[in-house]
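Taking it in order: structure first as structure tokens, then the write-up.
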Amino acid sequence: MEHIPPERLEWLSKCFNTNETEIANHKKLLKNQKNNGKLRFFLTGDALFSLIDKRHRKNWDKLIKLNNFQCHLDSEEIKLLGLEIDKLNKLYNKENLSGSQTLPNRILKNNSRFWDNVIKSVNNQSYGDNLGFLEFQGPYMSRTSIYALQLLEKIIESKLNPELYTYLDGIHIGHLGQKPSEFENVEKKLLDLRKKANLNNLHFKMLSCSRCGTARGYIRDENDKEYFQSEDTLQNYLFCNLNKIINRFEENNIILTPSCGSIQYLNGFNENVLDKKKELNSKHPIIIFITHSPYGSEWTFGGLSFAMACANHEIPTKVIFIEDGTYCLPTIHKINEQDKIFNIQDIILATSDMEFLQYYVLDDSLKKRDFHLVNKLNNSIEKIDNIELGRIILSRQYKSITHKRIIFY
Amino acid sequence: MKHIPNYVDLTCTNLMIKLKINLKKLDKGETMEFYSNREQFDNIKKPFSKNGYQIVGNQVDDNKYHIKIIKQ
């Protein structure tokens, strides 16, 4: 949904591109992908600009060369942005494409049933009766809330229970009394969706982070309830401890975010596995990419808090500092108690011994910025290259794991 | 008289971060004390019962606990 930085497409193409896989293990992983799966991109909103921006072209070309590559484009947004699918396909329909991929429409699909296909694609193994969306941004300033509503509507039409979780500024989308002059009224649409869910005998769960709600004035009195109804939000839009939201991540269901990935594995539980107990108890892993500077916004603290909460729930959690997220790492941060801010580096140091939490940094992102990992973090963060990053993204620890979640903060 | 910090207003995740940071600074055998609420106590009990710590909580009010974490 969101803007794709050129750097992101670069490391993605390096991770997935067979031409650059000189290491046998990575080839093996890609081979498995080739045999079993597809590499699908679903682009809407600002992410679509990456297709016309020349800075991205080389890396899209590399990705398109991959076997089983598919890219689905939201036809409504294509129209809004004035993009033309034929012209886009011509850009990428060069002699460097092989075999069946040379037909223009097979490369980039102009998709009028975009959200249906997103659901069909991510939920193709029936991961449960629910499908969730975790929103980080408020309405109107960001259009991601509109896409979230479109997805939630399709979830209801697919007869799945919609679940909306809001975190950071995302909590504002349930505020009462919204009256935008031009844009779709997000509050009203949420009410309509709740009604539609009820008519279909579905339950529309809306959970918001209470830390974020308290910080933003939604919870003004002392509260010891597990679920709190703020007088500032619509009914049944409930605030709760982040742990209650993380409980949903312990389940098998798919949960999407504005910029996210879902690695899905075919085949189920392997009965021959030696440590069956451990395999049965294993939860779906999560990868959290930290892509923002440490203190200029709440993204990094929000991402690390979320990661820590996941790890506390024994969800295998890998945090990867990448792109501008590497701003967190080259200098020693000095913060006093009166600064009223957590030292991001202290958080990393203090939590790197947690059993279910590992920290990594993409070496390429450091090198591009002429950064060196500050000494005190050397034992807490592992530097990785693109091959290793590809392995972390694709690898499957247990056969009972049917999918892995990826969230960009 | 020893000042015992009151962390009841911290969220569970923020409390966990604060504790992890402060406990790193303690030597073995040293104790950290603070006040928490019930939800916070429930949340930190499990992670600090292992990994080289001992945690003790005594209820001092309706929703207030005096917590001691000993680094072992």
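The values are calculated or read from the model by the stated rules, or taken from the named source; none is laboratory data. Nothing here was measured: the structure is a model prediction, and the numbers come from that model. Here the Cβ positions follow ideal geometry from the backbone for every residue, glycine too, while neighbour counts run over all protein chains shown. Accessible surface is based on the protein model in full, side chains and every heavy atom, while ligands, DNA and RNA are left aside. Shrake-Rupley method; radii C 1.70, N 1.55, O 1.52, S 1.80 Å.
Geometric descriptor of chain A, per residue, is 162 Å³ (volume of the convex hull of the Cα atoms).
Work out the mean other chain Cβ neighbour count within 10 Å for the residues of A:303-312 and drop it here as an integer.
On the way: counts 0, 2, 6, 1, 1, 5, 5, 0, 2, 7.
Partner-chain Cβ atoms within 10 Å, mean over residues of A:303-312: 3.
Cysteine residues of chain A whose Cβ has no partner cysteine Cβ closer than 4.7 Å: A:CYS15, A:CYS71, A:CYS240, A:CYS260, A:CYS310, A:CYS328. With all protein chains kept in place, the per residue accessible area of chain B amounts to 57 square angstrom at a probe of 1.4 angstrom.
Chains A and B: buried accessible surface, both sides, probe 1.4 Å, rounded to 100 Å²? Before the final figure, lay out each step's value.
Working: alone 19850 and 4880 Å², together 23120 Å².
About 1600 Å² of accessible surface is lost on pairing.
Average accessible surface for region A:122-256: 45 Å² per residue, computed with a 1.4 Å probe over protein heavy atoms with every protein chain in place. Rg/Rh, computed from the Cα trace of region A:277-409 with Rh as the Kirkwood radius, has the value 0.97.
Taking all protein chains in place and a 1.4 Å probe, what share, in percent, of the accessible surface of chain A do carbon and sulfur account for?
Numbers: 8810 of 19050 Å².
That share works out to 46 percent.
Could you sort out which of A:LYS14/A:LYS90; A:LYS90/A:LYS367; A:LYS318/A:LYS376; A:LYS340/B:LYS45; A:LYS340/B:LYS64 sit more than 28 Å apart by Cα distance in this structure? As for pairs spanning more than 28 Å Cα to Cα, those are A:LYS90/A:LYS367.
Taking the mean number of other Cβ atoms within 10 Å as a proxy for protection, how do you rank A:286-294, A:230-238 from highest to lowest? Show your work: numbers first, answer last.
Numbers: A:286-294: 22.7, A:230-238: 18.1.
With the highest mean Cβ count within 10 Å placed first, the list reads A:286-294, A:230-238.
Our summary gives chain A a relative contact order of 14 percent, counting only alpha carbon pairs under 8 angstrom and 6 or more residues apart. Within straight cross-link reach of B:LYS28, meaning Cα distance under 17 Å, which lysines are found once same-chain residues fewer than 8 apart are removed? The reachable lysines, counting only those whose Cα sits under 17 Å from B:LYS28, are B:LYS20, B:LYS50, B:LYS68, B:LYS71. Once the Cβ-Cβ distance of B:VAL60 and A:ASP221 is raised to the sixth power relative to R0 = 25 Å, the FRET efficiency obtained is 0.70.
Is there a simple number for the mean count of other chain Cβ atoms within 10 Å of the Cβ of residues in B:9-21, and what is it? The partial results should precede the final answer.
Numbers: counts 2, 1, 11, 8, 14, 6, 0, 8, 10, 4, 1, 9, 7.
That works out to 6 on average.
Measuring between their Cα centroids, region A:354-409 and region A:199-238 lie 34 Å from each other.
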